[in-house]
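Q: For reference, the structure I am asking about is given below.
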Ligand SMILES: [Fe+2]
């Protein structure tokens, strides 16, 4: 089958109006990533890491994310439900919970591979690692506008909490893209 971003997005919109949007959205994402080759063809070769907005509104954000090889994203929260789906590569997730002492503690891990999806609740805190020298292609859907939501990130070593820093995130993508380019020429 051919993957079409337009029909995918209209299915996501319909799912977001469901009584349980996160589960309905997850079904749509699962259907899309069940044919990872079709998605890979539609999005084209993964040549550099980026996070591209496919849809943004106050109640829904759909991102096409290409993770550059070996990137590490420190633990962070979204304060929104989220659905992830993978169509290429590997996305290692480490989940954390807040502790009574005001820090965070590791709770578990999940390796997501092509055809895998995962729903995260509003309270979820996760770190992302791409463990390979290959990029990862993913769809992330959020039940709100992640760009304007007040939320935190954490230092994984010290548990220190600070406001999520989009500029730092962009710098990390650029740095890992440069490393990737240097390696592959
Ligand atoms: Fe995240």
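The values are calculated or read from the model by the stated rules, or taken from the named source; none is laboratory data. Quick caveat: nothing in here was measured; it's all calculated off a predicted structure. Using ideal geometry, Cβ is built from the backbone for each residue, glycine included, and neighbour counts are taken over all protein chains shown.
Q: May I ask you to list pairs of residues, at least six apart or on different chains, whose Cβ atoms are under 7 Å apart, with the first in region 20-37 being free of Cβ contacts under 8 Å to residues at least 12 places away in the same chain and the second being not in a helix (DSSP H, G or I)?
A: Cβ pairs passing all conditions: 24/18.
Q: For region 45-60, give me each residue that is under 21 Å from residue 10 (Cα atoms) and either touching a helix residue (DSSP H, G or I) at 6+ places or on another chain (Cβ under 8 Å) or within 11 Å of the ligand (Cβ to nearest atom) (or both).
A: Within region 45-60, 51, 54, 55, 59, 60 meet the criteria.
Q: Would you mind stating whether residue 175 is at pLDDT 95 or above, surrounded by fewer than 19 Cβ atoms within 10 Å (Cβ to Cβ) and within 15 Å of residue 67 (Cβ to Cβ)?
A: Yes.
Q: Please pick out the residue among 153, 167, 175 that is more than 22 Å from residue 9 (Cα to Cα) and within 15 Å of the ligand (Cβ to nearest atom).
A: 153
Q: Restrict the check to region 11-28 and report whether at least one residue is under 25 Å from residue 183 (Cα atoms) and touching a strand residue (DSSP E or B) at 6+ places or on another chain (Cβ under 9 Å).
A: Within region 11-28, none of the residues are under 25 Å from residue 183 (Cα atoms) and touching a strand residue (DSSP E or B) at 6+ places or on another chain (Cβ under 9 Å).
Q: Could you grab me the full set of residues in region 61-87 that are away from the ligand (no atom under 16 Å from the Cβ) and buried (at least 18 other Cβ atoms within 10 Å of the Cβ)?
A: Matches in region 61-87: 69, 87.
Q: Pick from region 112-143 the residues that are more than 13 Å from the chain's Cα centre (by Cα), under 26 Å from residue 41 (Cβ atoms) and surrounded by fewer than 18 Cβ atoms within 10 Å (Cβ to Cβ): which of them is nearest to the ligand (Cβ to nearest atom)?
A: Result: 131.
Q: Pairs only if they're at least six apart or on different chains, beta carbon under 9 angstrom, first in region 110-133 and within 19 Å of residue 173 (Cβ to Cβ) and modelled with pLDDT of 95 or more, second assigned to a loop (DSSP other than H, G, I, E, B) and within 13 Å of the ligand (Cβ to nearest atom); list them, first residue then second.
A: 126/78; 128/71; 129/71; 130/71
Q: Moving to a separate point now. Would you confirm, using the coordinates I've provided, whether residue 146 is surrounded by 15 or more Cβ atoms within 10 Å (Cβ to Cβ) and either within 13 Å of the ligand (Cβ to nearest atom) or not in a strand (DSSP E or B) (or both)?
A: yes
Q: Same structure, new question: Condition check: touching a residue at least 12 places away in the same chain (Cβ under 8 Å) and more than 21 Å from residue 161 (Cα to Cα). Does residue 90 satisfy that?
A: In short, yes.
Q: Can you name the condition, by its number, that residue 108 falls short on among (1) within 15 Å of the ligand (Cβ to nearest atom); (2) farther than 20 Å from residue 49 by Cα; (3) out of contact with any helix residue (DSSP H, G or I) (no Cβ under 6 Å at 6 or more places or on another chain)?
A: Of everything listed in (1) within 15 Å of the ligand (Cβ to nearest atom); (2) farther than 20 Å from residue 49 by Cα; (3) out of contact with any helix residue (DSSP H, G or I) (no Cβ under 6 Å at 6 or more places or on another chain), residue 108 misses just condition (1).
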